[in-house]
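The values are calculated or read from the model by the stated rules, or taken from the named source; none is laboratory data. Keep in mind it's a predicted model, so treat the numbers as computed, not measured. Virtual Cβ from ideal backbone geometry, glycine too; neighbours counted across all protein chains shown. Protein only, heavy atoms only, side chains kept; ligands, DNA and RNA dropped before computing areas. Shrake-Rupley method; radii C 1.70, N 1.55, O 1.52, S 1.80 Å.
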Amino acid sequence: MDQFTLNLLVVGATFALYIGIAIWARAGSTSEFYAAGRGVHPVLNGMATGADWMSAASFISMAGIIAFGGYDTSAYLMGWTGGYVLLAMLLAPYLRKFGKFTVPEFIGDRFYSQTARTVAVICLIIASVTYVIGQMTGVGVAFSRFLEVSNSTGLFIGAAIVFMYAVLGGMKGITYTQVAQYVVLIIAYTIPAVFISLQLTGNPIPGLGLFSDSVATGQPILQDLEGLLSDLGFKSYLEQSDTTLNMFLFTVSLMIGTAGLPHVIVRFFTVPTVKDARSSAGWALVFIALLYLTAPAVGAMARLNLINTFYPNGTSEAALSLAEIEAGVDAQGNDVNWVNNWAKTGLLSFDDKNGDGAITYANGDANELTVNRDIMVLANPEIAQLPGWVIALVAAGGLAAALSTAAGLLMAIASAVSHDLIKSQINPNISEKGELMAARVAMAVAIAVATWLGLNPPGFAAQTVALAFGLAAASIFPAILMGIFSKRINNKGAVAGMLAGLITTIIYIFLHKGWFFVASTASFSDADPLLLSIKSTSFGAVGALINFIVAYIVSNATDEVPADVQELVESIRIPRGAGSAVDH
Amino acid sequence: MANNGDNNAYWAANKRIIGISLVIWFVVSFGFGILLRPVLSGIAIGGTDLGFWFAQQGSILVFLVLIFVYAAKMNKLDKEHGVDE
């Protein structure tokens with residue numbers, strides 16, 4: 001069976017599974033649509049949260065970023081997991097007790113202010129739309145590489161699948177589909193990693209293989225990699241090259257950004273009790289850690305395999321020749337067809353500039369090979385010469401990661417529009433049936449907009465991810481935290497704090513990335529930033545600090561929080577009674 | 001229904017558990033993984049040093065333990081103060 005048929009079979013089987021679940025888990029009420037009827041078991045909710053959180057960025061990009069960045073990129077590993085500790089202790093249990101449907105709803109009620117709610121809706125929509133563009137683009141790429149259809153056809157197929165289970169099933173359909181998608185994506189990520197770890201180190205657990213000895217040389221593989229990189233003039237894998245200040249603030253920004261992303265927070269509204277909300281955050285991290293403990297191994301091993309492909313006899317001998325690439329096999333008989341396969345996509349390119357008939361891979365002007373770091377995970381099984389069904393599985397896994405996150409984001413956008421705008425501000429008397437219809441229409445519109453943006457991705461899509469995290473870190477996270485842990489922060493303080501955090505963060509990003517991401521209008525660059533060594537991607541932490549300070553000062557200078565709101569704060573701190581918020 | 005004084009004691013106890021947990025959370029990630037890495041550089045592990053391990057894997061394992069220990073401690077505290085469900 002050829003590779004194309006295999007890909008089609010494996011991806012087709014997973015899609016059939018998702019559609020089957022969608023038909024089974026159709027939502028009948030607004031509670032089922034927004035919060036899956038609050039009946040989801042914490043372990044299943046943890047799994048769904050894992051799939052919701054781990055996007056195309058975690059599945060496809062992260063290991064590639066680590067492969068080329070080494071120690072400096074540890075911020076992603078710590079940041080995207082450490083946020084769950086904050087969620088479990090500082091946000092999730094109390095928001096579950098609050099017992100409503102959306103994040104802006106909490107902010108609006110706690111700060112007794114429609115303005116606060118509207119600011120939260122705006123942050124939510126900007127952060128979620130930004131994110132969804134990336135997922136849709138990822139779906140298009142995965143389809144065009146593995147199913148040999150055009151990028152746009154791939155995007156339409158993906159959008160149709162999401163439409164089926166998200167619009168029909170709402171949160172309930174999304175949750176149970178995400179459980180299935182988690183299983184698909186974790187198997188797809190782990191199996192090639194196990195094979196590669198066995199080949200290189202003889203250890204079947206990739207996370208342990210990373211710190212084991214190479215079967216080829218007998219010394220630790222990290223030392224092998226460090227030696228090869230130094231021979232070729234690349235920066236060290238193990239040493240720190242970023243400044244400590246920036247690495248610190250980047251990790252803070254990713255952590256509190258994770259804890260402040262609305263599509264992650266709403267997942268904790270779906271469990272039956274406060275107790276379940278706490279353990280559900282733990283289970284989510286268990287399922288996320290399975291991938292995140294493997295990712296640094298995938299990164300290091302992919303870099304090692306990449307170098308070994310181009311220097312089959314070691315870096316002191318001749319590099320891979322054009323004739324070998326053409327033939328798809330090197331002098332040792334290793335299959336190097338993947339170089340040609342990926343060259344076709346344009347994501348890998350080589351150019352024999354010095355005309356010596358071989359492709360030099362090294363740092364500096366002599367380099368003749370360009371590799372897009374996003375292909376490392378997808379190309380990994382081919383680089384390691386694994387069987388065809390593993391390649392098909394990785395394609396299905398990448399699609400599962402992108403689709404599950406897209407569905408979660410679309411849900412967050414649709415509920416913000418139908419619940420926080422239409423029901424709360426435009427037509428408060430809307431019936432439950434009417435609201436459900438509004439939510440479905442909002443979801444369908446959101447899918448159409450996301451698909452259109454995926455077809456015509458704005459040039460700034462990649463940069464705006466920093467904006468999404470910055471917004472969540474600088475506005476939403478501090479507002480919720482202060483709402484729960486302080487009875488002194490009032491409506492004026494919260495609004496002033498959110499706006500101050502939001503605006504300074506946006507200005508700082510625009511100063512470095514260009515106003516509205518028009519690159520020519522940038523006054524500074526991340527290589528030489530405005531403040532100390534703080535890059536625009538790390539500024540969310542500073543924005544959050546500004547939010548806290550402004551909210552505190554303004555609240556202390558203005559009126560006390562009304563007694564009924566203080567009682568609300570008292571009540572969300574106590575778990576008893578959360579069950580009564582089921583099916584209300 | 002528990003009275004207000006007891007609710008305040010419950011909340012204070014919760015904040016104390018959170019405080020201790022977050023100190024550990026900070027030390028293993030920002031501490032061992034970033035700020036204190038030079039101090040730990042003498043401790044070798046699989047071709048690199050302990051700080052590298054904490055930054056790439058160790059901190060994640062500690063985060064996991066922290067959440068489950070927190071959840072267990074809070075379940076106990078909920079019962080002691082009669083606010084469990």
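For residues that are within 28 Å of A:S212 (Cα to Cα), open to solvent by less than 70 Å² (accessible area, probe 1.4 Å) and assigned to a loop (DSSP other than H, G, I, E, B), tally how many sit in segment A:328-340.
Selection size over segment A:328-340: 4.
When you scan segment A:288-307, do you find a residue that is without any contact (Cβ under 8 Å) to a residue 60 or more places away in the chain, more than 23 Å from the chain's Cα centre (by Cα) and under 23 Å from A:I383 (Cβ atoms), even just one?
Taking segment A:288-307 and keeping what is without any contact (Cβ under 8 Å) to a residue 60 or more places away in the chain, we get none.
No: segment A:288-307 contains no residue that is without any contact (Cβ under 8 Å) to a residue 60 or more places away in the chain, more than 23 Å from the chain's Cα centre (by Cα) and under 23 Å from A:I383 (Cβ atoms).
Taking A:L95 as meeting all but one of (1) open to solvent by 10 Å² or more (accessible area, probe 1.4 Å); (2) under 30 Å from A:V441 (Cα atoms); (3) in a helix (DSSP H, G or I), write down the number of the exception.
(1)
For segment A:234-241, state whether one or more residues are surrounded by fewer than 24 Cβ atoms within 10 Å (Cβ to Cβ) and free of Cβ contacts under 8 Å to residues at least 12 places away in the same chain.
Taking segment A:234-241 first, the residues surrounded by fewer than 24 Cβ atoms within 10 Å (Cβ to Cβ) are A:234-236, A:238-241.
When the remaining residues are screened for being free of Cβ contacts under 8 Å to residues at least 12 places away in the same chain, the result is none.
No, the conditions are met nowhere in segment A:234-241.
How about segment A:85-96: which of its residues are more than 19 Å from B:L64 (Cβ to Cβ) and either at the interface with chain B (Cβ under 7 Å from one of its Cβ atoms) or not charged (D, E, K, R) (or both)?
Within segment A:85-96, the first condition is being more than 19 Å from B:L64 (Cβ to Cβ), and the residues that meet it are A:94-96.
Scanning segment A:85-96 gives A:Y94, A:L95.
For segment B:73-85, check the following and say yes or no: at least one residue is closer than 30 Å to A:I221 by Cβ, more than 7 Å from chain A (Cβ to nearest Cβ) and of a type in the set (G, A, S). Don't jump to the end; show me each part of the working.
So in segment B:73-85, the residues closer than 30 Å to A:I221 by Cβ come out as none.
No, the conditions are met nowhere in segment B:73-85.
Quick grid of which residues meet (1) more than 23 Å from A:P381 (Cβ to Cβ); (2) in contact (Cβ under 8 Å) with a residue 60 or more places away in the chain:
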position	(1), (2)
A:P312	no, no
A:A323	yes, no
A:N337	no, no
A:G364	yes, yes
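If I ask for residues that are open to solvent by 20 Å² or more (accessible area, probe 1.4 Å) and either facing chain B (nearest Cβ under 9 Å) or within 13 Å of A:M47 (Cβ to Cβ) (or both), which ones from segment A:273-286 would you list? It would help to see each step written out before you state the result.
So the first thing to find is which residues in segment A:273-286 are open to solvent by 20 Å² or more (accessible area, probe 1.4 Å), and the list is A:273, A:275-276, A:279, A:283, A:286.
Residues satisfying the conditions are A:T273, A:K275, A:S279, A:W283, A:V286.
Would you pick out the residues in segment A:288-303 that are within 12 Å of chain B (Cβ to nearest Cβ), of a type outside the set (G, A, S) and surrounded by 21 or more Cβ atoms within 10 Å (Cβ to Cβ)? Before you say what the answer is, go through the steps one by one.
Restricting attention to segment A:288-303, the residues satisfying the condition of being within 12 Å of chain B (Cβ to nearest Cβ) are A:288-300.
Filter once more, so that each one left must be of a type outside the set (G, A, S): A:288, A:290-294, A:296, A:298.
Hits for segment A:288-303 are A:I288, A:L291, A:Y292, A:L293, A:T294, A:P296, A:V298.
When segment A:350-391 is examined, which residues are found to be under 16 Å from A:P312 (Cα atoms) and open to solvent by 40 Å² or more (accessible area, probe 1.4 Å)?
Across segment A:350-391, the qualifying residue is only A:Q385.
Exactly one of (1) closer than 17 Å to A:M255 by Cα; (2) within 7 Å of another protein chain (Cβ to nearest Cβ); (3) touching a residue at least 12 places away in the same chain (Cβ under 8 Å) is unmet by B:F52. Its number?
(1)
Residues A:I549, A:I534: which one is open to solvent by 30 Å² or more (accessible area, probe 1.4 Å) and over 30 Å from B:D6 (Cβ atoms)?
Values: A:I534 fails: open to solvent by 30 Å² or more (accessible area, probe 1.4 Å).
The match here is A:I549.
Among the numbered criteria (1) at positive phi; (2) open to solvent by 10 Å² or more (accessible area, probe 1.4 Å), which single criterion is violated by A:A563?
Only one criterion is unmet by A:A563, namely (1).
For residues that are more than 7 Å from chain A (Cβ to nearest Cβ) and in contact (Cβ under 8 Å) with a residue 40 or more places away in the chain, scanning just segment B:11-45, find the one that is most open to solvent (accessible area, probe 1.4 Å).
B:I24
Being under 28 Å from the mean Cα position of the chain (by Cα), of a type in the set (A, V, I, L, M) and modelled with pLDDT of 90 or more is the filter here; which residues of segment A:526-584 pass it?
Scanning segment A:526-584 gives A:A541, A:V542, A:A544, A:L545, A:I546.
For segment A:344-363, state whether one or more residues are within 27 Å of A:A142 (Cβ to Cβ) and in a helix (DSSP H, G or I).
Within segment A:344-363, one or more residues are within 27 Å of A:A142 (Cβ to Cβ) and in a helix (DSSP H, G or I).
Is it the case that A:R267 is open to solvent by less than 10 Å² (accessible area, probe 1.4 Å), in contact with a Ser or Thr (Cβ under 6 Å, 6 or more places away or on another chain) and basic (K, R)? Spell out how you get there, then give the answer.
Numbers: open to solvent by less than 10 Å² (accessible area, probe 1.4 Å): yes; in contact with a Ser or Thr (Cβ under 6 Å, 6 or more places away or on another chain): yes; basic (K, R): yes.
Judged against the criteria, A:R267 is a match.
Return yes or no: is A:L232 more than 13 Å from chain B (Cβ to nearest Cβ) and under 29 Å from A:V394 (Cβ atoms)?
Numbers: more than 13 Å from chain B (Cβ to nearest Cβ): yes; under 29 Å from A:V394 (Cβ atoms): yes.
So A:L232 passes the test.
For the condition within 14 Å of chain B (Cβ to nearest Cβ) and at pLDDT below 90, what is the one hit in A:G99, A:G158, A:G82? So that I can check it myself, show each step before the final result.
On the way: A:G158 fails: within 14 Å of chain B (Cβ to nearest Cβ); A:G82 fails: at pLDDT below 90.
Of A:G99, A:G158, A:G82, the one residue that is within 14 Å of chain B (Cβ to nearest Cβ) and at pLDDT below 90 is A:G99.
Within segment B:1-10, can you find the residues that are among the aliphatic types (A, V, I, L, M), open to solvent by 70 Å² or more (accessible area, probe 1.4 Å) and more than 9 Å from chain A (Cβ to nearest Cβ)?
Of all residues in segment B:1-10, those among the aliphatic types (A, V, I, L, M) come to B:1-2, B:9.
The next check asks that each one be open to solvent by 70 Å² or more (accessible area, probe 1.4 Å); those that pass are B:1.
None - no residue of segment B:1-10 is among the aliphatic types (A, V, I, L, M), open to solvent by 70 Å² or more (accessible area, probe 1.4 Å) and more than 9 Å from chain A (Cβ to nearest Cβ), so the list stays empty.
How many residues does segment A:188-207 contain that are without any contact (Cβ under 8 Å) to a residue 60 or more places away in the chain and within 11 Å of another protein chain (Cβ to nearest Cβ)?
Qualifying residue count for the region: 2.
Are there helices (runs of 4 or more DSSP H) fully within segment A:114-217 with at least 3 residues that are surrounded by 23 or more Cβ atoms within 10 Å (Cβ to Cβ)? List them. Reasoning before the result, please.
Details: elements: A:114-146, A:151-201, A:206-209.
Because the criterion is at least 3 residues that are surrounded by 23 or more Cβ atoms within 10 Å (Cβ to Cβ), the helices (runs of 4 or more DSSP H) in segment A:114-217 that meet it are A:114-146, A:151-201.
Of the conditions (1) touching a helix residue (DSSP H, G or I) at 6+ places or on another chain (Cβ under 6 Å); (2) on the phi < 0 side of the Ramachandran plot; (3) open to solvent by 10 Å² or more (accessible area, probe 1.4 Å), A:W24 satisfies every one except a single condition; which number is it?
(1)
Taking segment A:504-551, which residues are of a type in the set (D, E, K, R) and not in a helix (DSSP H, G or I)?
From segment A:504-551, those of a type in the set (D, E, K, R) are A:513, A:526, A:528, A:535; that's our starting set.
Of everything in segment A:504-551, those that are of a type in the set (D, E, K, R) and not in a helix (DSSP H, G or I) turn out to be A:D526, A:D528, A:K535.
Would you check which residues across segment A:59-85 are open to solvent by 10 Å² or more (accessible area, probe 1.4 Å) and closer than 18 Å to B:N75 by Cα and list them?
none
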